[in-house]
Amino acid sequence: MKSLITRELFDKVILPIYAPAQFIPVKGKGSRVWDQNGEEYIDFAGGIAVNALGHCHPKLVQALQEQSEKLWHVSNVFTNEPALQLAQKLIDNTFADRIFFANSGAEANEAAFKLARHYTIEKYSPYKTKIIAFYQAFHGRTFFTVSVGGQAKYSDGFGPKPADIIHVPFNDLDAVKAVMDDHTCAVVLEPVQGEGGLASATPEFLQGVRALCDEHNALLIFDEVQCGMGRTGSLYTYQQYNVIPDILTSAKALGGGFPISAMLTTEKIASVMHPGVHGTTYGGNPLACAVGCAAFDIINTAEVLEGVQKRRAIFIEQLENINDKFKVFREYRGKGLLLGAELQPQFHNKARDFLNIATDFKVMILNAGPNVLRFTPSLIIEENEIKEGMSRFAKAVEKVVNS
Ligand SMILES: Cc1ncc(COP(=O)(O)O)c(C=O)c1O
């Protein structure tokens, strides 16, 4: 019997802020997804860098099932075991001493920006509030986070914005220097800009920004919502740069598909917080944290982290094969399995066409802006799945090139 739940229903009942594909996925396993008609897709999108262990990983399913029969929610009036376990894992493996859990990347960033402002106001001056951020950055959709994000298309049209936020070009240390002063509260950046086109910070830039922050008593905040938790081949990307932030945000891969986020910071910075200053009903709830613990234990292994670079190499080799034939890509960007292929100028503004036509050939990919294709598959995708997905993608590329 044909389902009564159709894609047309989306256009009637859901707030019109998305333009989803014409098929409706109903099942996923590993790096494969099936739609209502039983058609099978290879997933190179991973729920936008979320499903780091693919769909329905047995260990995550088991963690969710077991926790679902024990305790779902107790609020923050009480603590719970999975939250404490996950916090301890994050602390044991990063620079952090203190964790705040929330439900989405935007909420973790909102907490980070509030904490930074609160810290510098409490410790230094009520005027130490300037936040330096970067063009093309993306930090979420709450009003504070779109305002810190550097893309007018997301932040304009909603009236007056939070004040004292300034944007400068990414990877331009002189530009940061020019606006940095003793009123600066924080510099906020993504070590690899996820939505903005997959530019990676240079080591000199990150080191330079760290030094400027130290000089002016400003905090350095890394948004690793997209590039963190194994995606670039280390647990967090900052670990590849040896530049330690004061605050770091994590989400997406942290829950492997179950909504959870975390803000990590040091004891010193956390010391300005006390009960009532910030909060959330669901953050750190036992279901999310139980899944987070299971995902963490799998991702934080040499096997998975080292596998990221091997898989990136296979992806690039396959993309090169496509490029030899069709000459569509100009360069490869990003790190690890946060992989971008920038289109040649004649295909600029066509990234969405590649993505849409790819679904006709049963492979799911993403774009990062109008000129870059983005691949954020499961960190444990099999080699044969990469190759099969790429042979499907090659047909999509051929169709776009010939259209
Ligand atoms: C770097 C970065 N920060 C923040 C966010 C917002 O996360 P969420 O959509 O979970 O609020 C995203 C989402 O794409 C992101 O890529």
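The values are calculated or read from the model by the stated rules, or taken from the named source; none is laboratory data. As the structure is a prediction and not an experimental result, all values here were calculated from the model. When we count neighbours, we look across all protein chains shown, and the Cβ atoms used for this are built from the backbone with ideal geometry, even at glycine. Calculation scope for accessible area: heavy atoms of the full protein, side chains included, ligands and nucleic acids excluded. Shrake-Rupley method; radii C 1.70, N 1.55, O 1.52, S 1.80 Å.
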Self-check item: Surface share of carbon and sulfur [accessible, 1.4 angstrom probe, percent] for the range 73-141
Solution: 51
Practice problem: Mind grabbing the accessible area of Tyr41 for me, 1.4 Å probe, Å², rounded to tens? | Solution: 10
Exercise. Would you give the gap between the C-alpha center of the range 160-181 and the C-alpha center of the range 115-140, rounded to a whole Å?
Key: 11
Quiz item: Which percent, nearest 5, of DSSP beta bridges in the chain are antiparallel?
Solution: 65
Exercise. Quote the accessible area belonging to Trp34 in square angstrom, nearest 10, computed with a 1.4 Å probe and with ligands, DNA and RNA left uncounted.
Key: 60
Exercise. Work out how much length Thr6 to Val26 would gain on full extension: take 0.36 nm times their residue separation and subtract the Cα-Cα distance, in nm to one decimal.
Key: 6.0 nm
Exercise. Please go through the residue pairs Lys27/Lys350; Lys325/Lys350; Lys350/Lys395; Lys123/Lys177; Lys327/Lys350; Lys350/Lys387 and name each one whose alpha carbons sit more than 26 Å apart in this structure.
Key: Lys27/Lys350
Quiz item: Suppose R0 equals 51 Å; then what is the FRET efficiency for Lys70 and Ala152 from their Cβ-Cβ distance, rounded to the nearest 0.05?
Solution: 0.65
Self-check item: Computed P(r) (all Cα pairs; the chain; 20 Å bins; percent)
Solution: 27, 58, 15, 0
Quiz item: When N is the residue count of the range 264-403, what does its C-alpha Rg come to as a fraction of 2.2 N^0.38 Å?
Solution: 1.38
Quiz prompt | Angle in degrees between helix 286-299 and the longest Cα principal axis of the chain, rounded to the nearest 10 | solution = 70
Exercise. Find the Rg to Rh ratio for the range 261-312, where Rh is the Kirkwood radius over alpha-carbon pairs and Rg uses the same atoms.
Key: 1.14
Quiz item: Can you give the alpha-carbon Rg of the range 1-96 over 2.2 N^0.38 Å, where N counts its residues?
Solution: 1.47
Quiz item: Summing Lys, Arg as +1 and Asp, Glu as -1, what charge do residues with Cβ under 15 Å from the Cβ of Ala251 carry, Ala251 excluded?
Solution: -3
Quiz item: Roughly how many Å is it from the Cα centre of the range 1-53 to that of the range 263-329, as a whole number?
Solution: 23
Quiz item: Accessible surface of Leu339 in the full protein assembly, 1.4 angstrom probe, to the nearest 10 Å²?
Solution: 0
Exercise. Return the distance in nm (one decimal) between the two label points of a simple spin-label model at Asp297 and Phe326, each offset 7 Å from Cα along Cα→Cβ.
Key: 4.2
Quiz item: How long is the range 71-299 along each principal axis, judged by its Cα atoms, biggest number first, in Å?
Solution: 51, 37, 36
Quiz prompt | Sorted largest first, extent of the range 169-257 alpha carbons per principal axis (Å) | solution = 40, 22, 21
Quiz item: Given the C-alpha centroids of the range 331-403 and the range 201-262, what is the distance between them in whole angstrom?
Solution: 26
Quiz item: lysines within cross-link reach of Lys161: Cα-Cα under 17 Å, excluding same-chain residues under 8 positions apart?
Solution: Lys114, Lys130, Lys153
Quiz item: Per residue, how much accessible area does the chain have with a 1.4 Å probe, in Å²?
Solution: 45
